[in-house]
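**Q** For reference, the structure I am asking about is given below.
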Amino acid sequence: TIQRIWSLISEEQISFNPTYKFVENSDIYDEKRIPAWCDRIIWKTKGGITATCDNYKSVDIKLSDHRPVLAKFKLEIPKINPPQ
C-alpha cells in the first residue's frame, strides 16, 4: 500500500512555498490552478547508512511553471573492515 511505501522513505520538513503552478517564467501563481509541492526530494537508506538533510529548499529559477528543489545531505557510513 501507499502508506507502507511512505513509511520506508524520508523527506525533510518542507519550509518553502509551493514549487509548481506558476505562470510560466514568472513569480506569479496561475490562479486557474492550485499551487502544489510536486518537486520534492525523498530518500531511503539501508545497510546502516544514515542520511541527515542539512538544507532543503526551492531555487528561484524561472524557466518554466516549476521551481527546482535542492537538498544537501550529511551521510554516515559504517566502517567495513576488509578481510585479512
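The values are calculated or read from the model by the stated rules, or taken from the named source; none is laboratory data. These numbers come from a predicted model, not from an experiment. With ideal geometry, Cβ positions are generated from the backbone for all residues, glycine too; neighbour counts draw on all protein chains shown. Side chains are part of the model used for accessible areas, which takes the heavy atoms of the whole protein and leaves out ligands, DNA and RNA. Shrake-Rupley method; radii C 1.70, N 1.55, O 1.52, S 1.80 Å.
**Q** On a full-extension model of 0.36 nm per residue, what is the gain between Ile14 and Cys53, subtracting their alpha-carbon distance, rounded to one decimal in nm?
**A** Gain on stretching Ile14 to Cys53: 12.9 nm.
**Q** Mind checking the dipole of the range 9-84: about its Cα centre, +1 per Lys or Arg Cβ, -1 per Asp or Glu Cβ, Debye to the nearest 20? Each step should come with its number before you reach the end.
**A** Numbers: 12 positive and 11 negative charges, 72 e Å.
Taking the Cα centre of the range 9-84 as origin, the dipole is about 340 debye.
**Q** Would you be so kind as to identify which of Trp6, Pro78, Ser58 lies farthest towards the positive end of the dipole of the chain, taking Lys and Arg as +1 and Asp and Glu as -1 on Cβ and the Cα centre as origin?
**A** Pro78
**Q** With viscosity set to 1.306 mPa s at 10 °C, what whole-number translational diffusion coefficient in µm²/s follows for the chain from Stokes-Einstein and a Kirkwood radius over Cα pairs? The partial results should precede the final answer.
**A** Values: Rh = 15.3 Å.
Reported coefficient: 104 µm²/s.
**Q** Around Ile42, what is the net charge, scoring Lys/Arg as +1 and Asp/Glu as -1 over all other residues with Cβ under 14 Å from its Cβ? Please report the intermediate quantities before stating the final value.
**A** Details: positive: Arg40, Lys44; negative: Glu11, Glu12, Asp39.
Local charge sum for Ile42: -1.
**Q** Tell me, which longest segment in the chain has none of the GluC sites (Glu not before Pro) that fall in DSSP loops with at most 12 further Cβ atoms within 10 Å?
**A** So the longest stretch without any such site is 32-84.
**Q** I would also like to ask the following. Using label points projected 7 Å from each Cα along Cα→Cβ, tell me how many nm separate Ile41 and Ile2, to one decimal.
**A** Spacing of the two 7 Å Cα→Cβ label points: 2.5 nm.
**Q** Give a quick list of chymotrypsin sites (Phe, Trp or Tyr not before Pro) in the range 1-60 that DSSP marks as loop, anything other than H, G, I, E or B, with at most 15 other Cβ atoms within 10 Å.
**A** Working: sites: Trp6, Phe16, Tyr20, Phe22, Tyr29, Trp37, Trp43, Tyr56; in loops: Phe16, Trp37.
Of the chymotrypsin sites (Phe, Trp or Tyr not before Pro), the ones in loops of the range 1-60 whose Cβ has at most 15 other Cβ atoms within 10 Å are Phe16, Trp37.
**Q** If you don't mind, there's one more thing I want to ask. Could you compute how much accessible surface Thr52 exposes when probed at 1.4 Å, giving the result in Å² to the nearest 10?
**A** Thr52 exposes around 70 Å² with every protein chain in place.
**Q** Count the lysine pairs in the chain whose Cα atoms sit under 15 Å apart, keeping only pairs 8 or more residues apart in sequence or on different chains.
**A** Working: Lys21/Lys32; Lys21/Lys62; Lys44/Lys72; Lys44/Lys74; Lys46/Lys74; Lys46/Lys79; Lys57/Lys72.
Counting lysine pairs in the chain gives 7.
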